[in-house]
Amino acid sequence: MPIAIAVMVGCGVLFVVAILWFIGAYNRFVGMRNNVKNAWAQIDVQLKRRHDLIPNLVEVVKDYMGFEQETLENVTKARNVAMGASGQGPGAQGKAEAGLNRALQGMYLVMENYPELKANQNVAQLQEELVSTENKIAYSRQFYNDSVMRYNTGIQKIPANIVAGFGGFREEEFFEIEDSEREAPKVDLR
Amino acid sequence: MWELIEFNKRQSYLLIAGLALILIILGALIGTLSVAYGNGEVPNVGSAIGIVAAIIIWTVSSMGAWYGGDRMVLGFSKAKPIKHSDYPQLWNVVEEMSIAAGLPMPKVYMIDDSAPNAFATGRTPETASIAVTKGLADKLTRDELQGVVAHEMGHIRNRDILFMTLAGVLVGTIALLCDYFLRSMYFGRGRRGSRRSGGGKGGWVVVVLLVATVVFAILAPVFARLLYMAISRRREYLADATSVELTRYPPGLASALEKISGDKEVLEVANRATAHLYIVNPIKPHEERYKKLTSTHPPLKERIAILRTIATGAAIIDYERARRAIGAGPKKSLVSQKTMHEAEGVELKTGPLGIPVEQGAQGTISRPAGPTKMTPDMLFEKLGPMGTMLASGFLMCACGEKVLVPTSLDKMIVQCAACGSIHNLQAQLDQAKAAAQAASGAGAVPATSGEDYDVEKMAQAADDYSRPGGPGTAGVETKGKVDDSRLKPAGSTGDAPAGKESYDPTGDGGKAVRFSDEEDASPEGTEAPEEGNPFGIAFDADGDPVYPESVVCPHCGEDLKIPDGFKGSRGPCSHCREMIVFFEI
């Protein structure tokens, strides 16, 4: 009889331990998922910041770069596309932002042709702000991707993936802004 | 990242617990002894009194450090808070690093001293501050500044400041008590030696206790201090590792440390109490107080060597690998195995050839970094123009002008601003890789050779190469400048950003249309636009220019249509890329 009781107690203890572990894992995933959401919100803030800075830059630069209508229009169009994509999650926004990156690269490259543009104080300040915004986007993206990596790894590991399945934790997308098809930007070759 | 924070917290609790234990034992021993001296009984109520007294002293000092700590430290260092507009770049860098670390942005302070240094203070990330000297903000490049700020953010994130402050208070209290006790022993013995009222009652116990306490009182502060210094050094290594983790760019911090160490200036506001907080020990080797206070930081050369050796990735485990490879620091791992494997696979920033590059933003120079000992000449030999590009971020165009290569190299086609020729980077890269591999087998372009790499020297050599005997200019800011001897110098002004440049790619000076007449001195004698208005542009009532339907480019003869809404005074011909001046402003 004592053996039976001991076995029952043992099972009971094991059961309690299992429940506690289960709860612990679930809470951890909740924390991690919130980290991911928070990190995404940060990126969103920086992306919006860049969207807001671009019209300023285009305004200031237009006076000097009048011939480069096409480049400037590209940038404005890409910006509108990116703004339209906002709120649609990492995948869609990744593509839109990649397009904006390309357009901005084109504009920066063309800006090199206009050294008097650099002399303009407004432009210099705007440049620093844009440099900083690009960096912030990069770092918040880095932080977000790290959070996602940790979260995805956590919910994939055995035995924790049981908890994940049970609690409905799904993998999150990474935020990539490298575009798969590298098209060379149009350069005036006439 | 999070594992490291947890690990640090656990280590800190243990440290504090250990030191507290020492303190309590000390209190108990001293208390017991003092009372036993009077009545010869051991143990006695003195133990309790001693412990309580020790704890009270500790609590009071801790509270002082807790509440007043940062203000005190900032006050000592004469740090002044700054706003975004005061130092936009510094502010932006701090903001960027706080985003990378996932922390709220700390307050930024500026210390008016030309010796470069920095520290972080604050008991929680929410109440943290970072202080930077003016020398640091002025002398360091953006990447180096990022490295330093990331190191400080690492301290904040890993909760180093709080725990090292509390530990420091403990160590100080222990030292204080022991000092007091030993002094009173020394003096008390003399006076009380004859009045041993304890007499024979339990005398030998008291003697044993006495000896034990004295030994403890001598050893404890030494031990506590050594422990504190060892932990402090570990934390510095970890902060360096965190900096790499945040920026993914070890050479930034490495060259910053090199710059700081090479600077002979003394940071005047640093003193004994605050020296351990700074990123580099502010007490210089040529100062007398050097030896006593050096142990809070690991040797600078080691730190730099570790950073320059990292080649496998940007996580803690990669830092540890590099550290073990050179044999620096403690023999055991800095952190537990579990912590190290948490963030495996975090990559360094790399460019096309697997050589890590700077993550500047668009429009800034891509500076490669990494452990290679290739001089610009070597790189140019091996890789041609791509070599100098990797050395300095420029591509050398055949016309002699530097072509800016956008940082992330997303654009694989770039156009020379001076002569308009197109460079296909992808093709050149492939050529360069093939050539390099043919030359000396695989791995000809070392990305992981583990040797040192001096970016500044390479950039300087690249500059020298591109301007044979020509006057050096500010380098990256003067991209439009043309003063290579192959091209006739076209009256270049001394200070590029201030003046308006003239392009002279065809090298025949005479035919180029100048578009700058503010500061130019043109020895070649060029055609100036007639009456400043060669196209006969009229101005309407609002002062806006009215352009003709189309203009003929004076250089290549192409018919150019002027786009609607164009209002500028000049623009490049889309065929020959020469500047067409419509009117002078």
Rg/Rh for the stretch B:84-124, where both radii come from Cα atoms and Rh is the Kirkwood radius: 0.97
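Give the ranking of A:R79, A:R170, B:R225, A:R50 by solvent-accessible surface, highest area first, calculated with a 1.4 Å probe.
Output order, biggest surface exposure first: A:R170, B:R225, A:R79, A:R50.
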Radius ratio Rg over Rh of the stretch A:1-84, counting only Cα atoms, Kirkwood formula for Rh: 1.62
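Using just the alpha carbons, could you tell me how many Å³ per residue the convex hull of the stretch B:47-172 encloses?
So the per-residue Cα hull volume is 102 Å³.
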Lys, Arg +1 and Asp, Glu -1 on Cβ, resulting dipole of the stretch A:6-104 about Cα centre, debye, nearest 20: 460 debye
Size of the B/A contact, given as accessible area buried on both chains, probe 1.4 Å, in Å²: 4600 Å²
Cα-based Kirkwood hydrodynamic radius, the stretch B:94-164, one decimal, Å: 12.0 Å
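With respect to the cross-link table entries A:K95/A:K157; A:K95/B:K107; A:K62/A:K136, which display a Cα-Cα separation exceeding 28 Å?
Correct reply: A:K95/A:K157; A:K95/B:K107.
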Cβ-Cβ FRET estimate between B:I537 and A:M149, R0 fixed at 60 Å, reported to 0.05: 0.50
Carbon plus sulfur fraction of accessible area for the stretch B:51-187, probe 1.4 Å, in percent: 66 percent
Using θ = phi - 60° and Karplus 6.51 cos²θ - 1.76 cosθ + 1.60, couplings along the stretch B:72-83 (whole Hz; Gly, Pro as x): 4, 5, 5, x, 3, 8, 6, 8, 10, x, 10, 9
Solvent-accessible surface (1.4 angstrom probe) belonging to B:T309, in square angstrom, nearest 10: 40 Å²
Principal-axis tilt of helix A:69-85 within chain A, Cα atoms, nearest 10 degrees: 20 degrees
Long pairs among A:K118/B:K139; B:K80/B:K259; A:K77/B:K139, criterion Cα-Cα beyond 31 Å: A:K77/B:K139
Cubic angstrom per residue, convex hull over Cα atoms of the stretch A:61-162: 102 Å³
Lys/Arg +1, Asp/Glu -1 at C-beta; chain A dipole; positive extreme among A:Q142, A:A124, A:F166: A:F166
Distance (nanometres) between label positions extended 7 Å along Cα→Cβ at B:W204 and B:E302: 4.7 nm
A:I5 paired with A:V81, simple spin-label distance in nm, labels 7 Å along Cα-to-beta-carbon: 7.6 nm
Computed log₁₀ I(q)/I(0) - Debye formula, equal Cα scatterers, no solvent, the stretch B:1-106, q 0.14 Å⁻¹: -0.82
Structure-based [θ]222 nm, chain A - -39500 (n - 2.57) summed over DSSP H runs of at least 4, per residue, nearest 500: -28000 deg cm²/dmol
Model label zone, B:L103; criterion: amide N under 18 Å from point 7 Å along Cα-to-beta-carbon; scope the stretch B:53-80: B:66-67, B:69-74
Using θ = phi - 60° and Karplus 6.51 cos²θ - 1.76 cosθ + 1.60, couplings along the stretch A:52-67 (whole Hz; Gly, Pro as x): 6, 6, 5, x, 4, 4, 4, 4, 5, 7, 4, 4, 8, 10, x, 6
Cα-based convex hull volume of chain A per residue, rounded to whole Å³: 114 Å³
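The values are calculated or read from the model by the stated rules, or taken from the named source; none is laboratory data. The shown structure was predicted, so the numbers you read here are calculated from the model rather than taken from an experiment. Cβ: placed from backbone, ideal geometry, glycine included. Neighbour counts: every protein chain shown. Surface accessibility is based on the protein's heavy atoms, side chains included, excluding ligands, DNA and RNA. Shrake-Rupley method; radii C 1.70, N 1.55, O 1.52, S 1.80 Å.
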